[in-house]
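Since the structure comes first, as structure tokens, the remarks are kept for the end.
The values are calculated or read from the model by the stated rules, or taken from the named source; none is laboratory data. Source: prediction; values computed, not measured. Please note: Cβ atoms are built from the backbone with ideal geometry, for glycine as well, and neighbour counts cover all protein chains shown. For accessibility, only protein heavy atoms count, side chains too; no ligands or nucleic acids. Shrake-Rupley method; radii C 1.70, N 1.55, O 1.52, S 1.80 Å.
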Amino acid sequence: MIIRIDPASGAPIFEQLVRAVRSEILAGRLASGERLPAARDLATSLDVNPHTVLHAYQVLRDEGFVELRRGRGAVVTHSAPGLDEVRALVAALAASARAHDLAADTVLALVREEFHA
Amino acid sequence: MTEPRPETSPEYRPEPQASTAASGPSAASGSADRRARDRRLVLAVTVWVPLTIIAVGAGILMTWLPRTPDPMVTHWGADGEPNGWMSPAGNLIAYLVISLGVLVVMAGAAWLSTRVAAKAQAELPDSGRPDAGQTDTEQANPWRSARSAALFAPAVTTAVTIVFVALTGVQLDGSEPADWVVPVIVAVGLGLGALVGVVTSFVLPAPEPGEHTSAETIAHALRAAVRLAPGERAVWTAVARAPWPVTALLVLALLLTLVPVALDPSLWAFSLVFLVVVAVLATTTAARITVDTTGLRVRTLLGLPIGRVRLDQVVVARAVDVRPSEFGGWGFRFDARGRRGIILRGGSAIEIERIGAQPFVVTVPDAENGAALLNGLVAEARGTN
């Protein structure tokens, strides 16, 4: 898996880490049972604070993507509960947006609006 | 006697060119011959030679049975004083169990690597590979992949046999060996075993030559490089695992290391040596490969570094397909072209051309992305410096 961090992008670094790992899992490139690199190693490689990596791993755990085990680090779990159902709804949403010629950004803005309402 | 003798007439002169052409076998039958010869060699090295050594060792121990003291000493303390005893028959049985156990593991490993190589070859047709060159027109020979597994069979059998026979021999008719004799015998046994290993490595068929790097594949690798924005940081990481039969064989070998010490606690030294060898092998069944601004690193899952290429040593990285047979098996490998490899399985691998060193190959899933990031990091480092 590739993780890219851009300090100039404005998004917090832990958020960028979460996004990178999450999209690897959602795309199936990180299989269930696979171990994520040790937080210390990943922090060294990316020249960030180890606590930032641990923070990202904790967010991923709270979202149900990884399990944190003492001594074994972060292990990818089967998938977040209910993910398959939501994935099917997203596919339907995308199909509907395409049918009505709505831009992806418009749809994403709607989704964000819905969550912040 | 006026008739000219046929031998002297020019028409009857032998034609050297025609005779050599007739004796040279066709390329196809030459390849089949070589394969059959390699098969016989591997069988001889993994089965017949160790069996012969074991038969000789067991024969000597058996003819000595009447002259061997009962109980005989089978273990000496650090001070050279005997502190373990066994009956001569028990000694003979321990010898047979250990040596035959080693034979089964080594022959099994050789057979397994041959099977896996043959299977990998069937799944990887030569025509499907990007730059199949002259060397690939001939079918790869799976018997050559048994090389690493077969290498240790006669060596270990020799060492075990020498130690058993010599330690029994010095006690014949009740004589007691001097303090220094036992360590010397063990050292000689290990030394001669190592020597047999070296001889075996010359006898065994050489590993297959690999494919050639072409300028086009390098250019392609560079075009696919990850382009990083200024200030952007990136890391690529993946875990490579050996296929399960390799792991299963190592577990079996680990259990077998305990057989000698279970039979006779005095054989702890054997168990310890085997245990260390197997444990070192076991650390390479899985590894994490990481690419970042320092270059590429290979570490076992316990964190032990087993390979690295610094970023400033990298010329270009590319994703390739390798077969364990190209490198003659699993683990730390060299192939016929001198590529250094950490080979955990067949399939995708990152190959790195290095400055002032032979290419480095490590098998890993997702090799395309790893090579692309390494090339991107190299380009960035060269561009900004």
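Report, by residue number, each residue of the range A:69-105 that is at pLDDT 90 or above and on the phi > 0 side of the Ramachandran plot.
Hit for the range A:69-105 is A:Asp101, nothing else.
So how many residues does the range B:150-206 have that are under 19 Å from B:Val273 (Cα atoms) and of a type in the set (S, T, N, Q)?
Result for the range B:150-206: 3.
Conditions first: (1) more than 14 Å from every other protein chain (Cβ to nearest Cβ); (2) of a type outside the set (S, T, N, Q); (3) surrounded by fewer than 17 Cβ atoms within 10 Å (Cβ to Cβ); (4) touching a residue at least 60 places away in the same chain (Cβ under 8 Å). B:Ala262 passes all but one, so which condition is the exception?
Every listed condition holds for B:Ala262 apart from (4).
In the range B:35-79, what residues are among the polar types (S, T, N, Q), under 30 Å from B:Gly108 (Cα atoms) and in contact with a helix residue (DSSP H, G or I) (Cβ under 6 Å, 6 or more places away or on another chain)?
Those that are among the polar types (S, T, N, Q), under 30 Å from B:Gly108 (Cα atoms) and in contact with a helix residue (DSSP H, G or I) (Cβ under 6 Å, 6 or more places away or on another chain): B:Thr46, B:Thr74.
Do we have any residue at all in the range B:340-357 that's assigned to a strand (DSSP E or B), farther than 19 Å from B:Leu151 by Cβ and modelled with pLDDT under 80?
Yes: the range B:340-357 contains one or more residues that are assigned to a strand (DSSP E or B), farther than 19 Å from B:Leu151 by Cβ and modelled with pLDDT under 80.
Using beta carbons and a limit of 8 Å, which pairs, at least six apart or on different chains, have the first residue in the range B:271-300 and under 19 Å from B:Val259 (Cα atoms) and not assigned by TED's automatic domain parsing to the domain that holds B:Leu311 and the second one of a type in the set (S, T, N, Q) and surrounded by 16 or more Cβ atoms within 10 Å (Cβ to Cβ)?
Here the result reads B:Ser271/B:Thr257; B:Phe274/B:Thr257; B:Leu275/B:Thr257; B:Val278/B:Thr257, each pair linking the range B:271-300 to a residue that is of a type in the set (S, T, N, Q) and surrounded by 16 or more Cβ atoms within 10 Å (Cβ to Cβ).
Are there any pairs, at least 6 apart or on different chains, whose C-beta atoms fall under 6 Å, with the first in the range A:38-49 and without any contact (Cβ under 8 Å) to a residue 24 or more places away in the chain and the second small (Gly, Ala, Ser) and part of a helix (DSSP H, G or I), and if so, which?
That search, which allows pairs on different chains as well, returns nothing.
Tell me whether the range B:283-292 contains one or more residues that are open to solvent by less than 20 Å² (accessible area, probe 1.4 Å), at pLDDT 75 or above and more than 14 Å from chain A (Cβ to nearest Cβ).
No, there is no match, as no residue in the range B:283-292 is open to solvent by less than 20 Å² (accessible area, probe 1.4 Å), at pLDDT 75 or above and more than 14 Å from chain A (Cβ to nearest Cβ).
Filtering the range B:13-55 down to residues that are among the charged types (D, E, K, R) and modelled with pLDDT under 50, which residue is nearest to the chain's Cα centre (by Cα)?
B:Glu15
Select from the range B:300-321 the residues that are more than 14 Å from every other protein chain (Cβ to nearest Cβ) and out of contact with any helix residue (DSSP H, G or I) (no Cβ under 6 Å at 6 or more places or on another chain) and list them in ascending order.
B:Ile306, B:Gly307, B:Val309, B:Arg310, B:Asp312, B:Gln313, B:Val315, B:Val320, B:Asp321 - these are the residues of the range B:300-321 that are more than 14 Å from every other protein chain (Cβ to nearest Cβ) and out of contact with any helix residue (DSSP H, G or I) (no Cβ under 6 Å at 6 or more places or on another chain).
Under 8 Å by Cβ, and 6 or more places apart or on different chains, what pairs join a residue from the range B:230-247 that is on the phi < 0 side of the Ramachandran plot and at the interface with chain A (Cβ under 10 Å from one of its Cβ atoms) with one that is open to solvent by 50 Å² or more (accessible area, probe 1.4 Å) and part of a strand (DSSP E or B)?
Pairs that qualify, where the first residue is on the phi < 0 side of the Ramachandran plot and at the interface with chain A (Cβ under 10 Å from one of its Cβ atoms) and the partner is open to solvent by 50 Å² or more (accessible area, probe 1.4 Å) and part of a strand (DSSP E or B), are B:Glu232/A:Arg4; B:Arg233/A:Arg4; B:Ala234/A:Arg4; B:Val239/A:Arg35.
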